[in-house]
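Since the structure comes first, as structure tokens, the remarks are kept for the end.
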Amino acid sequence: MTKPFSFSLDSTSGKARTGTISTPRGEIRTPAFMPVGTAATVKAMMPESVRATGADILLGNTYHLMLRPTAERIAALGGLHKFMNWERPILTDSGGFQVMSLASLRKLTEEGVAFKSHIDGSKHMLSPERSMEIQELLGSDIVMCFDECPALPASRDDIAKSMELSMRWAKRSRTAFGERPGYALFGIQQGGLEQDLRSQSAEALKDIGFEGYAVGGLAVGEGQKAMFDVLDFAPDQLPTDKPRYLMGVGKPDDIVGAVARGIDMMDCVLPSRSGRTGQVFTRLGVLNIKNARHQNDPRPLDENCTCPACKNYSRAYLHHVFRSQEIISSMLLTWHNLHYYQDLMEGMRQAIASGTFAEFESAFHSTRAQGDIDPL
Ligand SMILES: [Zn+2]
């Protein structure tokens, strides 16, 4: 018999929660940060290196994979885990957000979204049913409902209409997903910055019933204060006994603030993308490795970090390989950034388990305030 998908909430500290998601492919310790492997790779990292940073789960992108190499090809080759050599859990997004941000000639109807590929101009259709089919072909452990995410700012009327459409699509997603023991389908709350619309969305999703719930429609340009204002109430509108996932977030201080407000899972391209552009996250702040002040500096990026970039290389070396556009620069800086993010999650999990999350949060901010920060 297949092991079921389940979530156990182990401890809370204030609103912050720590727990464990169990899947047939392994456990996910929460709060969890999911590195993004858009095109079946976390750029510049081997899968075993991603695992070595402490990641329990990766995120893959439906939109990119359906266009290239196609979900059907990946399924024929044994599924996404085998294809990319990552045997642990994978969450895939629904393609809904990326089709709206990347594809051309989009046409949104009740049925779904027709569009042209940004790669070769070929015509495609994404609907709740097609998104569920693609995510099943990929073999994703956590499947996301197909939804529409309106760009902010938008009128209250537009946000309400879009949220209602997403709730109808959530129901169609649930029906199309069917019964798949060991796999999970997550609903996505919409409603912009409006508390009552968020509440209506949460009620609609709870009526349908999901294995987990995402707070969607944030981190789309509203700013940290507006996002935290929504997170002050949105997670409380969702079930306490299911994982809560904040999509597309974020900077280290966004992540700490989201966990403080009751979020269990997050994903973001920031640590990996920044690794390729020379932006480095440390306990003390953000470094820009291309800054000339690093060129003679024998110190590591972060004295306390145990990643290969910090154990074996100086800032001077990392500055040199970045300026020389050597591939190892992306490899080492991405590794460090992902390691930093996973260390941050582990620190939060331990603080929540010992009931000291508030102390962790104030130490996080005061350490950064001392600052080893480059102007960007
Ligand atoms: Zn490091």
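Brief remarks follow.
- Within the set G37, G14, G95, the sole residue that is open to solvent by less than 10 Å² (accessible area, probe 1.4 Å) and farther than 24 Å from G275 by Cα turns out to be G95.
- Condition met for M163 (among the hydrophobic types (A, V, I, L, M, F, W, C), touching an Asp or Glu at 6+ places or on another chain (Cβ under 6 Å), surrounded by 23 or more Cβ atoms within 10 Å (Cβ to Cβ) and assigned by TED's automatic domain parsing to the domain that holds I263): no
- Residue match in segment 292-306 (condition: more than 16 Å from the ligand (Cβ to nearest atom), part of a loop (DSSP other than H, G, I, E, B) and buried (at least 20 other Cβ atoms within 10 Å of the Cβ)): no
- Assessment of segment 348-359 against the conditions (within 15 Å of the ligand (Cβ to nearest atom) and of a type in the set (K, R)) yields no matching residue.
- Matching residues in segment 253-281 - criterion: being open to solvent by 10 Å² or more (accessible area, probe 1.4 Å), of a type outside the set (D, E, K, R) and assigned to a loop (DSSP other than H, G, I, E, B): V269
- Unique residue being open to solvent by 50 Å² or more (accessible area, probe 1.4 Å), hydroxyl-bearing (S, T, Y) and at negative phi when the list is Y341, Y313: Y313
- Within segment 280-304, residues that are more than 25 Å from I255 (Cβ to Cβ) and in the same structural domain as M345 (by TED's automatic domain parsing) reach partners that are of a type in the set (K, R) and part of a helix (DSSP H, G or I) with beta carbons closer than 6 Å, at six or more positions or on different chains, in the pairs H294/R315; D297/R315; R299/R315.
- Taking each residue of segment 220-238 that is in the same structural domain as I208 (by TED's automatic domain parsing) and looking for partners that are of a type in the set (S, T, Y) with beta-carbon atoms closer than 6 Å, six or more apart or interchain, yields Q237/S199; L238/Y213.
- Segment 176-213: number of residues that are farther than 23 Å from S155 by Cα, open to solvent by 40 Å² or more (accessible area, probe 1.4 Å) and under 23 Å from the mean Cα position of the chain (by Cα): 3
The values are calculated or read from the model by the stated rules, or taken from the named source; none is laboratory data. Because the structure is a prediction, the values reported are computed rather than measured. So basically every Cβ, Gly included, is an ideal-geometry build from the backbone, and we count neighbours across all protein chains shown. Remember, those area values only see protein heavy atoms, side chains included, never the ligands or the DNA or RNA. Shrake-Rupley method; radii C 1.70, N 1.55, O 1.52, S 1.80 Å.
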